[in-house]
Amino acid sequence: MKPAPFDYVRPASIEEACRVLAESGGGATVIAGGQTLMPLLNLRMSQPFVLVDINAIPDLKGVTRVEGGTRVGPATRQADALRDRTLARHLPAFITALGHVGHYQTRNRGTIGGSVALGEPAAEMPATAVALGAMIEIASTRGTRQVPAHEFYIGPYMTVLEPDELVTGIVYPDWPDGHLVLFREVAQRPGDFALVGLVGALVLEGGTVSRAGIAWFGMGPTPIRARQAEAALLGAALSGIDADAVARAAVADTAPFDDHHASAEYRRTVGARIFARALRETLDLRSAA
Amino acid sequence: MSEHAIELTVNGHRHAARVEARTSLGEFLREGLGYTGTHLACEHGVCGACTVMVDGAAMRSCLMLAVQANGAQVTTIEGLADDDGTLHPVQQALKDNFGLQCGFCTPGVAITLACVTRDNESAGEREMEDALVTAMSGHICRCTGYQGIRRAIRQLSNRKLAEVAE
């Protein structure tokens with residue numbers, strides 16, 4: 001038996017889950033899929049007093065269309081989201097990124113909300129939420145609030161979520177039909193965390209970029225929105241886009257670090273390359289169509 | 001430290017037990033119920049050896065708690081072959097192609113390949129092979145160099161090869 005002892009509760013409603021979180025005074029941890037939390041428990045890097053299992057709360061599961069967007073319940077399994085027709089139709093960038101999350105076996109149990117709420121800086125789902133402009137819905141016994149994804153992440157595995165709060169939904173705004181998907185990542189094996197990656201969406205109108213949302217993962221302590229690159233692309237005519245220059249602008253917003261797997265310099269170099277390639281590929285595809 | 005009464009079905013047999021909350025499903029299968037075919041190795045979701053089917057889906061049994069499997073249908077490596085001992089096609093393919101050496105990772109590999117072949121039953125040869133190879137990224141094997149497993153996947157994907165094997 002590897003984890004330190006804990007109590008386990010399986011609430012049936014959001015209200016009950018929030019009550020348990022509030023009553024435990026910061027000693028509780030929420031488990032959804034557990035594909036990151038269980039390793040942390042087994043390694044005793046996380047030692048909660050109470051584990052709050054949200055898998056029996058029906059309101060936290062499933063994909064629904066809402067005014068102006070698509071709402072994903074946080075306890076929705078990654079494998080189910082990957083097969084979801086609404087997501088495939090409205091959020092192709094989300095689906096592309098999700099295909100790179102973990103392995104076949106972990107996607108069968110891992111959830112969208114778990115990945116979003118955990119805030120691993122090299123993970124695809126937090127960056128996707130930032131790139132697409134998602135809104136994180138949060139509940140506690142004190143009430144509910146909504147936080148834009150780009151304000152949700154404050155450091156590695158650190159978010160604005162208070163210990164008594166629960167993510168109850170992730171709402172991705174609609175992007176127009178036919179918008180383009182930008183995605184590239186470099187990882188040691190398929191399914192591993194990316195050394196560097198980017199995800200985004202672009203809208204073309206009359207040969208110019210009219211909307212852009214792009215974010216990096218593995219390029220700093222949080223997912224990082226490529227604001228300078230977005231600004232460089234907005235209003236630009238396709239013929240006038242210098243992919244390498246935009247990629248340099250994109251890298252200028254990042255703050256990568258050295259670790260066992262790659263140096264910051266490697267991440268910047270490779271990041272600029274894959275950004276430029278992604279841009280060329282995505283825009284060429286369009287012009288060839 | 002809470003204890004919980006659970007009931008689950010493993011390979012068609014119903015079991016009821018009390019488990020400590022922190023007991024992983026993999027540990028419970030091995031220590032609690034004696035299904036020692038499920039191998040625990042890294043116990044943090046990296047190696048894939050402990051993969052079992054939970055309600056038909058391949059999952060890491062080290063990354064879920066036994067209490068979370070309450071009410072579930074679990075299939076372990078012991079449940080893959082027919083009752084008369086006829087090997088599951090995945091087991092047969094691994095055997096035919098030397099897809100194992102020490103065998104430690106094999107139960108997990110076989111469970112994954114069984115799930116993926118079932119999910120892609122109507123897929124073409126190429127699609128099936130791609131799906132099987134991709135899913136293997138979730139397993140680490142230190143003996144075979146993956147070549148035997150790769151050949152087993154070839155056999156599973158190609159109907160003619162599979163028929164010759166039969």
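Here are the numbers:
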| quantity | calculated |
| --- | --- |
| Long-range neighbours under 7 Å by Cβ, at least six apart or interchain, first residue within 14 Å of chain B (Cβ to nearest Cβ) within the range A:186-210, second surrounded by fewer than 22 Cβ atoms within 10 Å (Cβ to Cβ) and hydroxyl-bearing (S, T, Y) | A:R189/B:S137; A:P190/B:T134; A:P190/B:S137; A:G191/B:S137 |
| Count of residues meeting criterion [surrounded by 15 or more Cβ atoms within 10 Å (Cβ to Cβ), farther than 16 Å from A:I136 by Cβ and either β-branched (V, I, T) or within 14 Å of another protein chain (Cβ to nearest Cβ) (or both)] in the range A:42-62 | 11 |
| Helices (runs of 4 or more DSSP H) contained in the range B:87-164 and holding at least 2 residues surrounded by fewer than 16 Cβ atoms within 10 Å (Cβ to Cβ) | B:125-135 |
| Residue count, the range A:1-19 (criterion: of a type in the set (S, T, Y) and either part of a helix (DSSP H, G or I) or more than 17 Å from A:T168 (Cβ to Cβ) (or both)) | 1 |
| Members of the range B:47-71 found to be crowded, with 22+ Cβ neighbours inside 10 Å, of a type in the set (G, A, S), touching a residue at least 60 places away in the same chain (Cβ under 8 Å) and more than 8 Å from every other protein chain (Cβ to nearest Cβ), listed by number | B:A49, B:A66, B:A69 |
| Of the criteria (1) surrounded by fewer than 22 Cβ atoms within 10 Å (Cβ to Cβ); (2) within 18 Å of the chain's Cα centre (by Cα); (3) more than 22 Å from A:I214 (Cβ to Cβ); (4) of a type in the set (S, T, Y), which one A:T106 fails | (1) |
| Test: residue in the range B:60-71 that is β-branched (V, I, T) and under 24 Å from A:R107 (Cα atoms) | yes |
| Residues of the range B:72-104 classified as within 14 Å of chain A (Cβ to nearest Cβ) and more than 27 Å from B:V19 (Cβ to Cβ), total | 0 |
| Residues being of a type in the set (S, T, N, Q), within 13 Å of A:D164 (Cβ to Cβ) and part of a helix (DSSP H, G or I) - total across the range A:20-56 | 0 |
| Count of the range A:17-70 residues which are under 15 Å from B:A21 (Cβ atoms) and β-branched (V, I, T) | 6 |
| Any strands (runs of 3 or more DSSP E) falling wholly within the range A:153-205 and containing at least 3 residues that are closer than 30 Å to B:M136 by Cβ and modelled with pLDDT of 95 or more | A:180-187, A:194-205 |
| Yes/no for B:T117 being away from chain A (no Cβ under 11 Å) and either in contact with a Pro (Cβ under 9 Å, 6 or more places away or on another chain) or among the basic types (K, R) (or both) | yes |
| Some residue of the range B:27-45 being touching a residue at least 12 places away in the same chain (Cβ under 8 Å), crowded, with 21+ Cβ neighbours inside 10 Å, hydroxyl-bearing (S, T, Y) and within 11 Å of chain A (Cβ to nearest Cβ) | no |
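The values are calculated or read from the model by the stated rules, or taken from the named source; none is laboratory data. All values reported here derive from a predicted model rather than from experimental measurement. Positions of Cβ are generated from backbone atoms using ideal geometry, with glycine treated the same way; all protein chains shown enter the neighbour counts.
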